[in-house]
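Q: Take this structure first; my questions come after.
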Amino acid sequence: MQRHTKQSLADNPSLFVSVFGGLMACGATHWMVTPLDLVKCRRQVNSKLYAGNFDGWRKIISAEGVAGIFTGGGPTAIGYSIQGALKYGGYEYFKKLYSDLAGPENAERYKTWIYLAGSASAEVIADIGLCPFEAVKICAQTSMPPFAKGTWNGINKITSTEGIAGLYKGIYPLWGRQIPYTMMKFASFETVVEMIYHRLPGSKADYSKTAQTSVAFTGGYIAGILCAVISHPADVMVSKLNASRAPGEAFGAAMSRIYKDIGFGGLWNGLPVR
């Protein structure tokens, strides 16, 4: 059997759509929830800082003005636009690649494993693009007043004291957060959507675009809850490491120190907000 592993837009036209869609959607949506993310990150670092979201927003606006609740919005928009393009485009690429390698029969039989492998492969690459901007975002959000005036000023400040490695000191917990998150998201989304159509009369093609969008929204909502829960402890570690890991401190030592400080319960700080 001949198996094609090289891909072009003609072979996989959804590739361009996924790259463009991920680029446009992820940066914008993550920027829109910056006020929630800001309070979540600060409470992950100091759980006693705010009593809740509204208390946090009230205190931030009182001290910094309305613009203050969008602290970290710049690196969020840039970083997650890059990540979204690489994640969604990469998922389509790797899903087709692994399906072609497996062959039609095995691709159908082991489709969930292909979803998992494709999403994990894409996320490894996507996080390399995201990590520098995530580092700036977290440093900006967890330092008061913010340590930098903007995204590029933040990158310059980190690299001037810690070098390029300073932008990637959170890459391992970021992978630990994002890879399980993305694997759960894509695999559960695909599975939930298939289950919905299986229980509906007719086939997917029989339904209008509006109805198909509603099914996709439902699948995405359920998948979002599942992947947020499974990845949250690593999300807390990302915030803690970027906020408090000292230059030259070993990754394992930093993780142990943080866990000793916050305990198991601290790994779940901010989950309701997320």
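Q: Residue 272 - would you say it is more than 30 Å from residue 146 (Cβ to Cβ) and assigned to a loop (DSSP other than H, G, I, E, B)? Steps first, please.
A: Details: more than 30 Å from residue 146 (Cβ to Cβ): no; assigned to a loop (DSSP other than H, G, I, E, B): yes.
Here the answer is no, as residue 272 does not meet what is asked.
Q: While we're here: Condition check: closer than 24 Å to residue 232 by Cα and either part of a helix (DSSP H, G or I) or over 14 Å from the mean Cα position of the chain (by Cα) (or both). Does residue 179 satisfy that?
A: Spelling it out, residue 179 is indeed closer than 24 Å to residue 232 by Cα and either part of a helix (DSSP H, G or I) or over 14 Å from the mean Cα position of the chain (by Cα) (or both).
Q: Sort through 211, 254, 243 and tell me the only one that's of a type in the set (A, V, I, L, M, F, W, C) and over 26 Å from residue 158 (Cα atoms).
A: 211
Q: Can you go through 223, 165, 228, 122 and tell me which one is buried (at least 18 other Cβ atoms within 10 Å of the Cβ) and closer than 30 Å to residue 247 by Cα?
A: 122
Q: Scan region 50-65 and tell me whether some residue there is surrounded by fewer than 16 Cβ atoms within 10 Å (Cβ to Cβ), aliphatic (A, V, I, L, M) and at pLDDT 95 or above.
A: Checking region 50-65: at least one residue is surrounded by fewer than 16 Cβ atoms within 10 Å (Cβ to Cβ), aliphatic (A, V, I, L, M) and at pLDDT 95 or above.
Q: When residue 144 is evaluated against the numbered criteria (1) closer than 19 Å to residue 40 by Cβ; (2) modelled with pLDDT of 95 or more, which criterion, by number, is the only one it fails?
A: (2)
Q: Which is within 24 Å of residue 260 (Cβ to Cβ), at pLDDT 90 or above and touching a helix residue (DSSP H, G or I) at 6+ places or on another chain (Cβ under 6 Å), of 135, 126, 234?
A: Checking each option against the conditions leaves just 135.
Q: Could you go through region 148-171 and let me know if any residue there is under 29 Å from residue 120 (Cβ atoms), part of a helix (DSSP H, G or I), in contact (Cβ under 8 Å) with a residue 24 or more places away in the chain and aromatic (Phe, Trp, Tyr).
A: Yes: one or more hits.
Q: Another question, then. Here is a check on your reading of the model: is residue 194 more than 27 Å from residue 84 (Cα to Cα) and free of Cβ contacts under 8 Å to residues at least 12 places away in the same chain?
A: When the stated conditions are applied, residue 194 does not pass them.
Q: So if I check each of 243, 234, which one is within 22 Å of the chain's Cα centre (by Cα), more than 28 Å from residue 188 (Cβ to Cβ), crowded, with 19+ Cβ neighbours inside 10 Å and not aromatic (Phe, Trp, Tyr)?
A: 243
Q: Another question, then. Can you work out which of the residues in region 246-274 that are of a type in the set (Gly, Ala, Ser) and either in contact with a Gly (Cβ under 8 Å, 6 or more places away or on another chain) or surrounded by 15 or more Cβ atoms within 10 Å (Cβ to Cβ) (or both) is nearest to residue 174 (Cα to Cα)?
A: Filtering region 246-274 for residues that are of a type in the set (Gly, Ala, Ser) and either in contact with a Gly (Cβ under 8 Å, 6 or more places away or on another chain) or surrounded by 15 or more Cβ atoms within 10 Å (Cβ to Cβ) (or both), the one nearest to residue 174 (Cα to Cα) comes out as 254.
For every residue, the table says whether it meets (1) among the polar types (S, T, N, Q); (2) within 26 Å of residue 46 (Cβ to Cβ).
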{"residue": "84", "(1), (2)": "no, no"}
{"residue": "87", "(1), (2)": "no, no"}
{"residue": "96", "(1), (2)": "no, no"}
{"residue": "99", "(1), (2)": "yes, no"}
{"residue": "131", "(1), (2)": "no, yes"}
{"residue": "140", "(1), (2)": "no, yes"}
{"residue": "156", "(1), (2)": "yes, no"}
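Q: Residue by residue through region 11-31, note down the ones that are surrounded by 15 or more Cβ atoms within 10 Å (Cβ to Cβ) and not in a helix (DSSP H, G or I).
A: 12 - this is the single residue of region 11-31 that is surrounded by 15 or more Cβ atoms within 10 Å (Cβ to Cβ) and not in a helix (DSSP H, G or I).
The values are calculated or read from the model by the stated rules, or taken from the named source; none is laboratory data. Predicted model, so just to flag it, every value in this text is computed and none were measured. Glycine also receives a Cβ, built like all others from the backbone with ideal geometry; neighbour counts cover every protein chain displayed.
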